[in-house]
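*Asks:* Got a structure for you, questions after.
Values in this text are rule-based calculations from the coordinates and carry no lab data. Not measured: the values here are computed from a predicted model. Glycine also receives a Cβ, built like all others from the backbone with ideal geometry; neighbour counts cover every protein chain displayed.
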Amino acid sequence: MIRFPQFKIRTAECRVGVVGLYASGKTVFLTSLINHLRDYGEGGFELGSDPKSPARLRKWRELKPDPGWDRFDYEAYRNAFVNKRWPRKTKDRSQFVCSFERSDWPLTVAKLKLFDLPGERVADAVMAALKYDAWSDHILHLVAKDQAYRECCADYLALTGQDVPAAELLKAYKLALARLALAYKPYISPSTFLLDLQARVNKRRSAEEMAFDFPAGLDMGSEFAPLPRQARDRQPVLAAEFAERYEAYRQRVVLPLVTTLRTCHALIVLVDVTMLLAGGVGMHDDNRQILLDLLDVLNPGQTTLGRVLRGVSSVLLPHSWRPGWITRIAFVAPKLDQVHPDDRERMKTLLRRMIEKPARDRDGLTCEFFNAAAVMSTEKFPTTDGQRWLRGMVLYNERGERQPFGEMQKFRVSELPEDWPKDWPANHFSFPEVYPLIPPRRNCPPEQVNLDRILDFVMS
């Protein structure tokens with residue numbers, strides 16, 4: 001029988017930022033993870049390094065979020081998924097804090113802070129290191145080197161060569177952003193055009209409707225757009241106005257996000273490999289660039305001196321005073337259940353090939369790669385035709401419209417390649433999304449794959 005020592009000498013606070021690139025299932029991931037921590041012992045979720053003798057958990061309790069943070073509304077999200085509804089968030093960022101005892105941490109109380117950070121904001125991260133002029137050059141350079149971006153932005157780029165009012169420029173830029181969004185291009189900045197500060201999502205309708213409803217900035221009166229150097233020189237008053245609005249956005253939206261990430265001990269970065277394959281080579285390249293920008297801005301890892309200081313602070317300082325360094329990143333390929341069982345190990349291989357080299361180049365950073373299913377919602381469908389078939393509740397019909405919850409049905413998925421192709425078009429690969437099947441009983445967590453391994457890694 002495992003005994004828990006009654007006397008604890010310290011509290012180990014682990015701050016984990018959870019960031020998901022576009023449509024990566026972050027809310028499902030966090031909802032399932034919290035469910036497994038609250039009701040530890042079901043759903044195959046086991047912590048600890050010894051699979052034959054997993055750790056026991058006790059005295060789990062939820063704590064209040066930090067000042068200035070809204071609570072991750074776990075109960076509302078779980079209830080929505082149980083009732084086959086997609087939850088609507090009311091805040092663009094949130095936090096969930098809990099504490100518990102682990103039998104494999106005999107003298108320590110674990111305090112876990114999970115930061116739910118919007119993936120849309122990751123495209124803004126580079127702003128933390130750049131002033132307006134440099135950001136403009138950065139964005140326009142990305143547009144110039146990609147044909148799809150050039151085509152979506154052609155009207156706006158043409159207007160920057162003319163002396164036109166700010167309102168006309170901003171309208172053209174927002175139409176360009178809308179076309180990029182409709183073409184599933186993820187590098188859209190400022191990101192409030194996709195997700196505003198009230199957590200409203202700019203749903204994909206027509207480009208004109210998208211451009212009309214959402215701001216490219218803090219609000220409709222504080223919008224800005226990137227200007228090429230020639231336009232900045234020709235229209236210095238406009239450039240100065242955009243620079244002022246950019247700086248206000250940077251201070252209010254971007255720097256708090258980056259500061260939060262930098263104070264974390266570990267990150268969980270969700271990268272939907274199936275979406276990148278379905279979206280074509282441009283989708284892969286865009287998301288990889290966003291990850292590279294994020295690594296550059298956060299500069300994770302630590303020096304030898306940093307490791308010494310961290311060890312000393314963990315012994316001498318109260319947990320709330322201990323500094324944070326990002327020393328671990330778990331890169332996660334979610335939605336494992338939307339891939340045929342024969343191909344699931346390839347998800348990790350593809351994720352490694354995408355980002356491992358630049359991540360490993362960071363001194364003092366430990367990174368690991370996982371495939372995962374926050375909620376196992378499919379099963380293999382036996383077949384003799386050589387194709388890959390699954391059974392599940394398909395979320396979207398062939399026209400891309402969300403369909404009501406219905407019966408389990410079989411559907412075909414693509415074979416995952418062993419490596420990223422040199423080139424491939426959008427829709428060459430297909431991995432239909434499914435409803436997450438979460439048990440109605442509240443203390444019954446869903447079946448999952450590798451959530452426990454991911455949490456063990458980031459808490460180590």
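*Asks:* Have a look at Gly217, Thr378, Ala128 and report the one farthest towards the positive end of the charge dipole of the chain, computed about the Cα centre with Cβ charges (Lys/Arg +1, Asp/Glu -1).
*Replies:* Thr378
*Asks:* To continue, here is another question. Report the residues of region 421-435 in range of a label on Tyr396: point 7 Å along Cα→C-beta, backbone N strictly under 14 Å from it.
*Replies:* 426-435
*Asks:* At a 10 angstrom cut-off on C-beta neighbours, averaged per residue, how do the peptides 443-455, 383-395 rank from highest to lowest?
*Replies:* Result, highest mean first: 443-455, 383-395.
*Asks:* Which value in nm describes the separation of the simple spin-label points at Asp213 and Asp423, placed 7 Å from the Cα toward the beta carbon?
*Replies:* 3.7
*Asks:* Under a crude label model (7 Å from the Cα following the beta-carbon direction), how far is Ala154 from Ala76 in nanometres?
*Replies:* 4.4
*Asks:* Tell me, what is the percent relative contact order of the chain, built from C-alpha pairs under 8 Å that lie six or more residues apart?
*Replies:* 19
*Asks:* Going through region 354-398, which GluC sites (Glu not before Pro) have at most 12 other Cβ atoms within 10 Å and a DSSP loop state?
*Replies:* Listed in order of number, the matching sites are Glu398.
*Asks:* With the crude spin-label approximation of a point 7 Å out along Cα→Cβ, what separation in nm comes out for Ser430 versus Met408?
*Replies:* Computed distance between label sites Ser430 and Met408 equals 2.2 nm.
*Asks:* Where in region 222-261 does the amide nitrogen come within less than 14 Å of the point 7 Å from the Cα of Ala166, taken along Cα to Cβ?
*Replies:* Only 222-227, 235-249 pass the distance filter.
*Asks:* Give the value in nm², to one decimal: projected area of the alpha carbon convex hull of the chain, averaged over all directions.
*Replies:* Working: hull surface 93.8 nm².
Computing the convex hull of the Cα atoms and averaging its projections yields 23.5 nm².
*Asks:* Going down the list Lys335/Lys422; Lys84/Lys335; Lys64/Lys335; Lys59/Lys91, which pairs span over 27 Å between their C-alpha atoms?
*Replies:* Details: Lys335/Lys422 24 Å; Lys84/Lys335 17 Å; Lys64/Lys335 30 Å; Lys59/Lys91 29 Å.
Over 27 Å Cα-Cα: Lys64/Lys335; Lys59/Lys91.
*Asks:* For the chain, list the DSSP H helices whose alpha carbon atoms reach 15 Å or more along the long axis and whose average Kyte-Doolittle value is -0.5 or above? Walk me through the intermediate numbers first.
*Replies:* Numbers: long enough: 26-38 (18 Å, 0.43); 132-144 (18 Å, 0.27); 147-159 (18 Å, 0.03); 166-182 (24 Å, 0.97); 236-249 (20 Å, -0.09); 281-298 (26 Å, 0.26); 304-316 (18 Å, 0.92); 344-360 (24 Å, -1.29).
For the chain, where a helix must reach 15 Å along its axis and average at least -0.5, the hits are 26-38, 132-144, 147-159, 166-182, 236-249, 281-298, 304-316.
*Asks:* Per-residue ellipticity at 222 nm for the chain, helices alone: DSSP H runs ≥ 4 residues times -39500 (n - 2.57), over residue total, nearest 500 deg cm²/dmol? Working shown, then result.
*Replies:* On the way: 14 runs with 164 residues, N = 460.
Result for the chain, helices only: -11000 deg cm²/dmol.
*Asks:* Could you give the alpha-carbon Rg of region 169-255 over 2.2 N^0.38 Å, rounded to two decimals? Walk me through the numbers before you get to the answer.
*Replies:* Working: Rg = 12.9 Å, N = 87, 2.2 N^0.38 = 12.0 Å.
It is 1.07.
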